[in-house]
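The values are calculated or read from the model by the stated rules, or taken from the named source; none is laboratory data. No experiment lies behind these values; they were computed from the predicted model shown. Every residue, glycine as well, gets a Cβ built from its backbone with ideal geometry; the counts of neighbours run over all protein chains shown. Heads up: the accessible areas ignore ligands, DNA and RNA and are worked out on the full protein's heavy atoms, side chains in. Shrake-Rupley method; radii C 1.70, N 1.55, O 1.52, S 1.80 Å.
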Amino acid sequence: MTLSTDTSNQENDEQYEQQQNPRPSRRIHKTLDPCVVLMKRLISKHALSWSNRGGVYSLAQGVVYWHPPNSANDALLRAASSAASSSSSTLSSSSVSSVSNGEDSILHSYCPDEGLPELINAIQTKVNKENGLHPLNTKIIVTAGANQAYMNCVLAMLDQELHDKVVVFKPYYFNHVMAVQMTGGEESLLVGPTTTTDENGNGGLAPDLDWLEKELKRRNSNSNSNSNSNSNSNSNSNSNNEEKGRIKMVTVTNPCNPTGASMSQAQLNKVEELCRFYGSYLIMDCTYEHFDHAGANKDDDDNDDEKGNRVVEFRCSQAPHVVHIFSFSKAFAMAGYRVGYLTISNSNSNSNVDDDDGNNSNNLYKQLMKVQDTIPICASHLSQIVALGALSNDNHRDWVKSMVSTLLPGRDAILAALEPLDKIVGRRWGYVRYGKITVRFRRFERGFYSCGVSWCRCYTGIILW
């Protein structure tokens, strides 16, 4: 097809340029750059010059130093060995049927979208014992990491045309913000404040639930909801869009990434009730559940077993508007395998209420599965087998606790080093704490950033980003 070069037929030069040179979307252009990738580039650039001074270490990404449990590695070896044996075998007509039904012949194939049945059963046992989620009331979807579980929620829950909003609390996990920005744009995001003291007056870094309550009341009241639903005739400017729409989804990371703080059970109960009352989904990202050093998520109703151990290690909610996200990446040291999962209440999975088009719109599980089938179809078959191996050991929780406990001496040393500072923010038993460093720079003409990096490099050997 020949395109006309008559510029009079073009509305403006920008549109013409757009037609001749396609560009990435404005949404993705405005989406945050992943800080972990930026740090890796920075370290790679300066690694050689620092090789004789101890090297450069990045604290930008949460990665444990240990390897996956032996049971996971054994599962990997068995699966790989079976697949290799199967592919190298000469299949006669008599052996095809026997091999086609064997485990060794299906490693390369798709598995059910929601995950391997054996892994789902193992996860059901885990969340029942460790999180208080009853198997009969819980549905599981295995995802390609916790990030994909969160993206599933964003795509399944939000209506961009209704200007639905997502709440995150600063400092936030950057991939949560990126998921919202690249799908609904910056106007879909509400960033809430974080308290600097907890209910006891200590360093808190917990979501400001008073702010959340005010925003939910302002945006999710019936009058505001009705006006927002009929707002298509109003201006479409970003500033107006930011004031339109309900808060459809509240995101809480607990324990928090990046602050390390665990919310108390009272705080969790409050945010759950606020979301229920005002009709919002609550997404609980529990990726760091095993690093709840304070045991803050122990429910008062939980009893100890005969050894004095808590029966429910990390209490989660069974409420129908709450979705929990979990990961194998951190405590199980399986980040490269990309396996996570989400849990939702069965009451959000078996709804018989149809919308005007005859669709079961209240069935969140069904809608999440549409996203699952479109993006990954299923998590890696091999990775799921490795995850099943990690959970196959009945003592996997004890193994995780023993590995996490090895972090405590280093953690205590860091806390002791921070004590002389004027201000320390973060809960005493969080896995991260922040100290305020006061620095006086003599050469301000170089700018704060240049001076800050220079001072940290020369006097501490640390570059802060």
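The figures follow:
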quantity	calculated
Prolate/oblate/rounded label for segment 30-72 (Cα gyration tensor, a/c 1.5)	oblate
Highest to lowest packing among 261-274, 33-46, scored as the average C-beta count within 10 Å	261-274, 33-46
Solvent-accessible area, 1.4 Å probe, carbon plus sulfur percent, for segment 126-215	49 percent
Accessible area per residue in Å² at 1.4 Å probe, computed on segment 242-287	30 Å²
Residue pairs, from the table Lys129/Lys370; Lys30/Lys244; Lys330/Lys366; Lys165/Lys370; Lys139/Lys170, whose Cα atoms sit over 23 Å apart	Lys129/Lys370; Lys330/Lys366; Lys139/Lys170
For segment 38-64 and segment 117-156, distance of Cα centres in Å	35 Å
Probe 1.4 Å, protein heavy atoms only - accessible area per residue of segment 110-164 in square angstrom	39 Å²
With DNA, RNA and ligands ignored, accessible area of Met403 (1.4 Å probe; Å², nearest 10)	40 Å²
